[in-house]
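The values are calculated or read from the model by the stated rules, or taken from the named source; none is laboratory data. Quick caveat: nothing in here was measured; it's all calculated off a predicted structure. In this analysis, Cβ positions are derived from the backbone assuming ideal geometry, glycine residues included, and neighbour counts consider all displayed protein chains. Side chains are part of the model used for accessible areas, which takes the heavy atoms of the whole protein and leaves out ligands, DNA and RNA. Shrake-Rupley method; radii C 1.70, N 1.55, O 1.52, S 1.80 Å.
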Amino acid sequence: MVLYVTEQGALLSKESGKLIVSKQGDILAEIPLKKIEKINLMGMISMTTQLINYFLENGIEVVFMTQYGKYRGKLCTNEYRNVLLRLKQYERYNDVLFKLKMARAIVIGKLKNYYDFLSNRSKNLPRGFLGEEMAALRKIIEKVSMADTIEQIIGLEGIGSRYYFQGFGKLFKSEQFKFEKRVAHPPKDPINAMLSLGYSLLYNEIEAALNAVGLDPYLGNLHTVDVSKKSLLFDLTEEYRCILVDSFVVNAINRNEFTIQDFEEVEEGIIHFTKDALKRFISKFEERLNSKMKYHLDDEENYVRTIFEKQARHYARVVLGEDEHYIPYFRK
């Protein structure tokens, strides 16, 4: 069980094998501790020392986020570190051809998933409605396949993403919701607020998979490597964005699961969910993560989180030379 706590000012404590969520002396919830696999705290939420010790002793990860879902840090015991794998990661980082090959695969995978997403959505839209965007993505994918520098690949990825989000903005049926372009930090409209929160939750899940395999999340191939950026985490999240988050957001809006009243301006020009809508979004997205998809490399039906770990292990095998090519995840 992955637990999210969003009640501002809540206190988490331990009593008789249960996690107690209380506020100003009133008990809001009681959850058996043995059911909890991971806990996400969003905003101003505190824990007793007794509970912190329990989480550390039992290897339960506690993730700290802002009230609106931006990652801050986490409480965990020593993460699994595969030393031999990490040594090979560092060696591969100095292999220009390996990095180029990997960056090309990651971006082609991302753009192909973008194309497939728009293509599937276009079947229920007027002929040619997404023609410009899809044609542009096809051409850019071809150019990426021939690019001979990472800088070229990054530039093409940016152009492809702009065309994709141009098409993405056409998919919403409600006149209440307008999407002009992707604005990540801070979100300036409801759609961007939903995307930012979804991507943030997705990052947390992919990082857990990388940790389970023993990969260094800071050492990637496409995104810039520096002391504070988890570049591999960003690299390996790309292939899932439209499959898990973008499609979720489009469906939620078009099914009227959220309305414009579910959002509020928290600062001038900055839009976020209301308190109740935030809980509903997290609950629905967690349902998505608890669903099953077919894993592209073995055709087995797996829970989404299992696919994250399988794909991280595939990446590790490529680093170690056990798999020849990295094949980003795609829906079959």
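Below is a table of values for the structure above.
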| quantity | calculated |
| --- | --- |
| Whole-Hz couplings from phi, Karplus 6.51/-1.76/1.60, listed for segment 241-250; x for Gly and Pro | 3, 6, 5, 9, 9, 4, 5, 4, 5, 4 |
| Segment 143-150 - phi-based ³J(HN,Hα) in whole Hz, Karplus 6.51/-1.76/1.60, Gly and Pro as x | 5, 4, 4, 9, 5, 10, 9, 5 |
| Using a Förster distance of 56 Å, the FRET efficiency for GLU30-ASP95 (Cβ separation, nearest 0.05) | 0.60 |
| Spherically averaged projected area in nm², based on the convex hull that wraps the Cα atoms of segment 202-311 | 8.9 nm² |
| Ordering of 27-34, 63-70 by burial proxy (mean other Cβ atoms within 10 Å per residue, highest first) | 63-70, 27-34 |
| Stretchable slack from ARG127 to ARG86, in nm (0.36 nm times residue separation minus alpha-carbon distance) | 9.8 nm |
| Length-normalised contact order for segment 1-118 - Cα pairs under 8 Å, 6+ apart - percent | 19 percent |
| Whole-number percent relative contact order across segment 137-251, with pairs defined as alpha carbons under 8 Å at least 6 apart | 17 percent |
| Inverse of mean 1/r across different Cα pairs in segment 11-113, Kirkwood, Å | 17.1 Å |
| Segment 134-190: Lys pairs at Cα distance under 30 angstrom, eight or more positions apart or on different chains | 12 |
| CD proxy at 222 nm, helix term only [per DSSP H run n ≥ 4: -39500 (n - 2.57); per residue of the chain; nearest 500] | -15000 deg cm²/dmol |
| Packing-based order for 246-256, 159-169, using average beta carbon neighbours within 10 Å, highest first | 159-169, 246-256 |
| Total lysine pairs under 28 Å (Cα atoms) in segment 203-332, excluding pairs fewer than 8 apart on one chain | 17 |
| Segment 93-162 - Debye-derived log10 I(q)/I(0), Cα point model, q = 0.14, 0.28 Å⁻¹ | -0.44, -1.20 |
| Stokes-Einstein diffusion coefficient of the chain, Kirkwood radius over Cα pairs, 4 °C, 1.567 mPa s, in µm²/s | 61 µm²/s |
| Tally of Lys pairs whose C-alpha atoms are under 18 Å apart, taken over segment 1-77, 8 or more apart or cross-chain | 9 |
| With every protein chain in place, the chain: carbon and sulfur % of accessible area (1.4 Å) | 50 percent |
| Ranked packing of 177-185, 304-312, most packed first, by mean Cβ within 10 Å | 304-312, 177-185 |
| Other-chain or far-sequence residues with amide H under 5 Å of GLU61's (modelled H) | ILE39 |
| Surface accessible to a 1.4 Å probe, per residue, for the residues of the chain, Å² | 49 Å² |
| DSSP beta bridge pairing in the chain, given as percent antiparallel to the nearest 5 | 70 percent |
| Farthest toward positive dipole pole in the chain [+1 Lys/Arg, -1 Asp/Glu at C-beta], among LEU171, GLN24, ILE52 | LEU171 |
| Hz values of 3J(HN,Hα) by residue in segment 272-288 - Karplus curve (6.51, -1.76, 1.60), Gly and Pro given as x | 9, 5, 6, 4, 5, 5, 4, 4, 5, 4, 4, 4, 5, 5, 5, 4, 5 |
| Whole-number D in µm²/s for segment 97-244 (Stokes-Einstein; Kirkwood sum over Cα pairs; 20 °C, 1.002 mPa s) | 131 µm²/s |
